[in-house]
């Protein structure tokens, strides 16, 4: 086989290598989160209510689904390739809700005012952040267990920067709660991922 025959395959090979690297990073992050959750459980009571265990497993499943969706969507994209972030977030959010059979517990509405272009490397943390917010909303928005309505907005600031807002119709944070420092594993992950965007 000549060098000339091998060269055309290099771009695709590079994309596959990069995609595998992304997945490896996400799986390492996921393993760390599961370990952190296990440590948190280890500090609690000896026996947990069935509903709490189901919630924990659902959170882990949500993270695994998110990583899988990212890999499928971004596997053929170079890290600096531009995609439409708003449309992708809507698609991935609906797919996650469906894959976890949460259609009866989550309603998603969206508002896309303008194009929200982003590089593939930026899409990864933003998608994981939105997925984590959705899972947190399912768990905490309505303690009584009623369905939660989640709104996803994509637009631009006055300076032209892309702005993503995710809101739910739940009870909100407890009084005197500081989201910049408080919270459990999920909120810590959100802060870590947000910091990686700077």
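Assorted remarks:
- Hits in the range 153-165 (condition: out of contact with any helix residue (DSSP H, G or I) (no Cβ under 6 Å at 6 or more places or on another chain) and within 30 Å of residue 104 (Cβ to Cβ)): 153, 155, 164, 165
- The range 152-162 - residue that is touching a residue at least 12 places away in the same chain (Cβ under 8 Å) and over 11 Å from residue 134 (Cβ atoms) and, of those, surrounded by the most Cβ atoms within 10 Å (Cβ to Cβ): 154
- Scanning the range 166-186 for residues that are closer than 25 Å to residue 105 by Cβ and without any contact (Cβ under 8 Å) to a residue 60 or more places away in the chain yields a count of 13.
- Annotation note: of 129, 83, the sole residue that is part of a helix (DSSP H, G or I) and modelled with pLDDT of 80 or more is 129.
- Taken as a whole, the condition of being farther than 15 Å from residue 65 by Cβ and in contact with a helix residue (DSSP H, G or I) (Cβ under 6 Å, 6 or more places away or on another chain) applies to residue 81.
- When the range 93-126 is filtered for residues that are part of a loop (DSSP other than H, G, I, E, B) and touching a helix residue (DSSP H, G or I) at 6+ places or on another chain (Cβ under 8 Å), the ones remaining, listed by number, are 100, 102, 103, 105, 115, 116.
- The set of residues from the range 164-198 being surrounded by 13 or more Cβ atoms within 10 Å (Cβ to Cβ) and either part of a loop (DSSP other than H, G, I, E, B) or at pLDDT 90 or above (or both) comprises 164, 166, 167, 168, 169, 170, 173, 183, 184.
- Members of the range 121-151 that are farther than 20 Å from residue 67 by Cα and in contact with a strand residue (DSSP E or B) (Cβ under 7 Å, 6 or more places away or on another chain): 141, 142, 147, 148, 149, 150, 151
- Qualifying residue in the range 86-106 (condition: surrounded by 14 or more Cβ atoms within 10 Å (Cβ to Cβ), under 14 Å from the mean Cα position of the chain (by Cα), over 20 Å from residue 187 (Cα atoms) and modelled with pLDDT under 75): no
- Within the range 117-151, the set of residues being in contact (Cβ under 8 Å) with a residue 60 or more places away in the chain and within 20 Å of residue 163 (Cα to Cα) comprises 122, 124, 125, 126, 127, 128, 129, 131, 132, 134.
The values are calculated or read from the model by the stated rules, or taken from the named source; none is laboratory data. This one's a predicted model, so the numbers in the text were calculated from it and none came from an experiment. Here the Cβ is made from the backbone with ideal geometry for all residues, glycine too, and neighbour counts use every protein chain on show.
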